[in-house]
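Asks: This is the structure I want to talk about, given as structure tokens.
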Amino acid sequence: MTKTFTCRELGGVCDEKFSGNSLMEIVQKGMQHMQSDEIHMKKIGDLSNSTSETKEQWFERMQKEFDARMNDIPLFVDNGANAVRQDLPFVERDAITAVLYDPKANKYLGLKWKKVDWDTLITGGIEVGQTAEEAARMEIAQETGYKNIRLVSELPRYDSKFFHHPKGVNRYAHFRCFFFELVNDEREIVSSDELEKHTCIWLSREEMEQFRLPEGHRFIFNQVIGR
């Protein structure tokens, strides 16, 4: 199955696209392109001198991305304020994204972050020994305090590459995604650490569509509303 990567995704400086049936085929096309002018050659040299990632580690990481696309798992690469830092290696993480819906109010819960310019759904890492659903339930409890929720469905997976400002690392995250409904308003007290991170906001569908969600979160929300 043919897959496509851009020059920038391969470490270059432009959005030229290269397609192939294997990662090696794509890399060979990309390298031929990137050796065609001084700007690309300089970027390759700068990247080699500034990263601790070996060629073998880079190829292993890119192979995982290629395999994910072969499995029809979309990959979202942030090119805005949270664009990956070319001088830093990637830190991989299994994580969750959760949509929490209040059927009585017909609203969805969003997080407006305080120390970084983020608007997101509920999200967090999967710890060792946790199932993805357990991690999602724990993140909802920790970040919102809501105790009684009902799993409606598991949503499609996605991968994401971005610079994680709070952690100070390039994140390559593999997300499992869930849709929950609020059963009632019973809540635990949210910790001061969580309150310092973000504010919980209930939003209508129209308001959520204006919320500045990352591409992966928008993809998941669109699954919920049937787009």
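The values are calculated or read from the model by the stated rules, or taken from the named source; none is laboratory data. This one's a predicted model, so the numbers in the text were calculated from it and none came from an experiment. FYI the Cβ positions are ideal-geometry reconstructions off the backbone, even for glycines, and counts take in every protein chain you see.
Asks: Of a type outside the set (Phe, Trp, Tyr), closer than 19 Å to Phe211 by Cβ, in contact with a Lys or Arg (Cβ under 7 Å, 6 or more places away or on another chain) and surrounded by 14 or more Cβ atoms within 10 Å (Cβ to Cβ) - does that describe any residue in the range 96-110?
Replies: So far as the range 96-110 goes, yes, one or more of its residues are of a type outside the set (Phe, Trp, Tyr), closer than 19 Å to Phe211 by Cβ, in contact with a Lys or Arg (Cβ under 7 Å, 6 or more places away or on another chain) and surrounded by 14 or more Cβ atoms within 10 Å (Cβ to Cβ).
Asks: Which ranges mark the helices (runs of 4 or more DSSP H) fully within the range 1-90 that have 1 or more residues being in contact with a Phe, Trp or Tyr (Cβ under 8 Å, 6 or more places away or on another chain), modelled with pLDDT of 85 or more and of a type outside the set (Asp, Glu)? It would help to see each step written out before you state the result.
Replies: Working: elements: 23-34, 38-50, 55-70.
Fully inside the range 1-90 and qualifying: 23-34, 55-70.
Results for (1) in contact with a His (Cβ under 8 Å, 6 or more places away or on another chain); (2) farther than 19 Å from Phe219 by Cβ, shown as yes or no for each residue.
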position	(1), (2)
Cys7	yes, yes
Gly12	yes, yes
Met24	no, yes
Ser48	no, yes
Ser52	no, yes
Ala68	yes, no
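Asks: Where in the range 114-189 are there strands (runs of 3 or more DSSP E), lying fully within it, with 2 or more residues that are at pLDDT below 95 and closer than 24 Å to Glu209 by Cα?
Replies: Numbers: elements: 122-125, 149-164, 169-182.
In the range 114-189, 149-164, 169-182 are the strands (runs of 3 or more DSSP E) which contain 2 or more residues that are at pLDDT below 95 and closer than 24 Å to Glu209 by Cα.
Asks: Mind listing whichever residues of the range 131-162 are acidic (Asp, Glu) and in contact (Cβ under 8 Å) with a residue 60 or more places away in the chain? Break it down stepwise before answering.
Replies: Of the residues in the range 131-162, the ones acidic (Asp, Glu) are 133-134, 139, 143, 154, 159.
Residue satisfying the conditions is Asp159 alone.
Asks: Taking the condition surrounded by 15 or more Cβ atoms within 10 Å (Cβ to Cβ) and over 16 Å from Ala136 (Cβ atoms), does Arg171 pass? Talk me through it step by step, then tell me what you get.
Replies: Values: surrounded by 15 or more Cβ atoms within 10 Å (Cβ to Cβ): yes; over 16 Å from Ala136 (Cβ atoms): yes.
For Arg171, the condition - surrounded by 15 or more Cβ atoms within 10 Å (Cβ to Cβ) and over 16 Å from Ala136 (Cβ atoms) - is met.
Asks: Separate question: With free of Cβ contacts under 8 Å to residues at least 24 places away in the same chain and either surrounded by fewer than 16 Cβ atoms within 10 Å (Cβ to Cβ) or of a type outside the set (A, V, I, L, M) (or both) as the only criterion, which of Val91, Val183, Val128 stands out?
Replies: Values: Val91 fails: free of Cβ contacts under 8 Å to residues at least 24 places away in the same chain; Val183 fails: free of Cβ contacts under 8 Å to residues at least 24 places away in the same chain.
After applying the criteria, what remains is Val128.
Asks: With the requirement that a residue be surrounded by 11 or more Cβ atoms within 10 Å (Cβ to Cβ) and not basic (Lys, Arg), what does the range 24-35 give you?
Replies: Met24, Glu25, Ile26, Val27, Gln28, Gly30, Met31, His33, Met34
Asks: Of all residues in the range 191-227 being assigned to a loop (DSSP other than H, G, I, E, B) and crowded, with 17+ Cβ neighbours inside 10 Å, which is nearest to the chain's Cα centre (by Cα)?
Replies: Of all residues in the range 191-227, those assigned to a loop (DSSP other than H, G, I, E, B) come to 191, 204, 211-214, 226-227.
Now narrow it down to the ones that are crowded, with 17+ Cβ neighbours inside 10 Å: 211, 213-214.
Working: Phe211: 16, Leu213: 11, Pro214: 8 Å.
The extreme case among them is Pro214.
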